[in-house]
1. For the chain, with only Lys/Arg (+1) and Asp/Glu (-1) charged at the beta-carbon, what is the dipole magnitude about the Cα centre, in debye rounded to 20?
2. Suppose only helical runs count, i.e. DSSP H with n ≥ 4. What mean residue ellipticity at 222 nm does that imply for the chain under -39500 (n - 2.57) per run, divided by all residues and rounded to the nearest 500 deg cm²/dmol?
3. Let me have the relative contact order for the chain, percent, based on Cα pairs under 8 Å that are six or more residues apart.
4. With 25 Å as the limit, write out which pairs from K46/K67; K53/K91; K15/K91; K15/K96; K33/K67; K33/K97 have Cα-Cα distances beyond it, or answer none.
5. Accessible area per residue, 1.4 Å probe, Å², for the chain: what's the number?
6. Please identify every one of the GluC sites (Glu not before Pro) in the stretch 19-106 that sits in a loop by DSSP and has no more than 13 other beta carbons within 10 Å of its own beta carbon.
7. For H94, what is the net charge nearby, where nearby means another residue's Cβ is under 9 Å from its Cβ and Lys, Arg count +1, Asp, Glu -1?
8. Which of the cysteines in the chain are isolated, no other cysteine C-beta under 4.7 Å?
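The values are calculated or read from the model by the stated rules, or taken from the named source; none is laboratory data. Computed from a predicted model, the values in this text were never measured in an experiment. All Cβ positions, glycine included, derive from the backbone under ideal geometry; neighbour counts span all protein chains shown. Surface accessibility is based on the protein's heavy atoms, side chains included, excluding ligands, DNA and RNA. Shrake-Rupley method; radii C 1.70, N 1.55, O 1.52, S 1.80 Å.
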Amino acid sequence: MPKQSKKLRPNWVPKREKHQRLVDNYDFYNSSKWRRTSLAYRSVNKTCELECKDLGIVGPADVCDHKEQLQIILEQGRDPYDWNELQSGCKKCHAKKSGEESARSK
């Protein structure tokens, strides 16, 4: 089987810098425990519980999200894997909610 050539970035393309966040939750959201919890929650709650629900739209749940920011949940000593802390949402509603939270925290 032929080897696939390594894709090289041209030297004139600037190196992409990592996005700087105020709080980095990368390790939490990429843990196997969170992925299992998210998948289990979305298998039960299959529709968007965010803005779509308020508008009467039945959109598919693509994302499992915390109702409050993860940092607040952890600071108050609550369990971030508790289903009462979670909600399912479509990508559009989740992006809107995350953007609003980010704007508030600045």
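1. Working: 22 positive and 15 negative charges, 196 e Å.
Dipole of the chain, to the nearest 20 debye: 940 debye.
2. Working: 5 runs with 43 residues, N = 106.
Roughly -11000 deg cm²/dmol at 222 nm, from the helical runs in the chain.
3. Working: 88 pairs, mean separation 26.1, N = 106.
The normalised contact order for the chain reaches 25 percent.
4. Values: K46/K67 16 Å; K53/K91 14 Å; K15/K91 28 Å; K15/K96 28 Å; K33/K67 18 Å; K33/K97 23 Å.
From K46/K67; K53/K91; K15/K91; K15/K96; K33/K67; K33/K97, over 25 Å: K15/K91; K15/K96.
5. Numbers: 8740 Å² over 106 residues.
Using a 1.4 Å probe on heavy atoms only, each residue of the chain averages 82 Å².
6. Working: sites: E49, E51, E68, E75, E85, E100, E101; in loops: E49, E68.
In loop regions of the stretch 19-106 (DSSP not H, G, I, E or B), the sparsely surrounded GluC sites (Glu not before Pro) are E68.
7. Details: positive: K91, K92, K96, K97; negative: D62, D65.
Net local charge, H94 excluded: +2.
8. Here C64, C93 come out as lacking a disulfide-compatible partner, given the Cβ-Cβ threshold of under 4.7 Å.
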